[in-house]
Amino acid sequence: MKLKKINEILQQNLVADGLTKANTLQKETFSTIKSGADCVIVAAEGTGRSTTIALNVIQQLARETEESPRALIFVESKEKVLEMEALFDKYAKGTNLEIYGIHDKGDTDYDKNYISTGVDVLIGTPNKLNDMLSTAGYNVNRLKMFIIDDANSLLKLRHETKMMRISNSIAKTQRILFTEKLTERVEILIDKLMLEPYYFDIEEEETEEEESDAEEKDLGAENEDEEEDERKEEKEEN
């Protein structure tokens, strides 16, 4: 994947997974996220949000490891936690980053013990992250990235209070919010989380099949126009 100054190990892992070309979302946001600026990214499902989160977090944190979590990622459900965790495990291979996911159905005592041994990236549902960080006493001031995936879904489940409680306990960190739609509730959350974030509005890209169909339609239309012109010429000659 061609992105400016991308980590070599991350690059190798992406290529090994068949990701040799960055899509619109990844190209437009990479430099700004890498700079450490707060970002609001409006992008529909299917635009590569999860991959964008994974590659940017790995890019930021791969240089070194620490015992305290340095990236928090809020997702909607157990299924989303497992999906995101699997993606990180694949793309962070060889970086020594410790990735861990927690969700409402997990064993709290086991999770606390595991995180206390040292975790770089903590992925979880708002309920579990809130319970874990409020009772276990982890040093959240070491956090470099605070990421909310699919803010629309999380707000529908009324998780804003839990996310804000954690955010307010962090002195300084980069905050990144992904959302499918920029609704009024999402805008209120953004105003509470960030001061002057950069905004990105990413349109859904056409698949290769859709692009091919579009080209065929254009070619077919051109052929029809040519045939019509030929018929007109024949009539004029007659």
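Read-outs: derived from the displayed coordinates by stated rules, not from any lab. None of the values given here were measured: they were computed from a predicted structure. We place every Cβ from the backbone using ideal geometry, glycine too, and count neighbours over all the protein chains shown.
Working note: Cα atoms of the stretch 8-205, range along each principal axis, descending, whole Å: 42, 41, 29. Spin-label pair residue 82-residue 44: with each label point 7 Å from Cα along the Cα-Cβ axis, the two points sit 2.8 nm from one another.
Positive end of the dipole of the stretch 8-205 (Cβ unit charges, origin at the Cα centre): among 26, 153, 62, the Cα lying farthest that way belongs to 62.
Segment residue 31..residue 169, full-extension length gain: 46.9 nm, with 0.36 nm per residue of separation and the alpha-carbon distance subtracted. Working from label points 7 Å from Cα in the Cα-to-Cβ sense, the residue 199 to residue 89 distance is 3.9 nm. For the stretch 8-205, the dipole from Cβ point charges (+1 on Lys and Arg, -1 on Asp and Glu) about the Cα centre works out to 420 debye, to the nearest 20. The value given for the stretch 49-118 is a Kirkwood hydrodynamic radius of 12.7 Å, derived from the mean inverse Cα-Cα separation. The length gained by stretching the chain between residue 117 and residue 192 to full extension, at 0.36 nm per residue less their Cα-Cα distance, is 23.8 nm. At a Förster distance of 25 Å, what's the computed FRET efficiency of residue 67 paired with residue 108, Cβ-Cβ distance as r, to 0.05? It comes out at approximately 0.80.
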